[in-house]
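Here the structure comes first, spelled out in structure tokens, and everything after it is commentary.
The values are calculated or read from the model by the stated rules, or taken from the named source; none is laboratory data. A quick note: this is a predicted structure, and the numbers were derived from the prediction, not measured. Neighbour counts are summed over all protein chains in view; Cβ atoms, including those assigned to glycine, are modelled from backbone coordinates with ideal geometry.
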Amino acid sequence: FTTIERVQLRELTVVKADQRRVAFDRDKLARSVRIALRKRPVDDEQIERIVSGIVRQLEASGETDVKSHDIGELVMETLKTVDTVAYVRFASVYRDFREGKDFEEFLDDMDDLPKPAKTGE
């Protein structure tokens, strides 16, 4: 067994859209990121770095209350640079896509994103 300890700079509270307040749950964030990255070429160590980076950004904001919307946008911003498929997966749940045109509009907006370099070039 391995014990992992993390330094937490401050206790974070998530403010939901309906103004409910819940304690920030790092594991819930990690699960969401892992689901988006499932079967993608991103290893567990890189996922851990992604989650840690997001948590550090939240803690460094200086705020103890963080809007759930801000967390979702931060995850999307991070996934956009890591894996576009994971980015679309997360966005489809986070933005509650209900039909094909929702995906189409989102993908049209993605045309503005820089294209990742192909391996071997």
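Of Asp70, Asp65, all but one fail to be at pLDDT 90 or above and in contact with a strand residue (DSSP E or B) (Cβ under 8 Å, 6 or more places away or on another chain); the exception is Asp65.
A Cβ distance below 6 Å, combined with a sequence gap of six or more or placement on separate chains, defines the contacts here; from the stretch 10-29, residues that are closer than 13 Å to Thr64 by Cα reach residues that are among the acidic types (Asp, Glu) in the pairs Arg10/Glu59; Thr13/Asp65; Val15/Asp65.
Among the residues of the stretch 83-98, write down those that are of a type in the set (A, V, I, L, M, F, W, C) and buried (at least 18 other Cβ atoms within 10 Å of the Cβ). Listed by number, the residues that qualify are Ala86, Val88, Phe90, Ala91.
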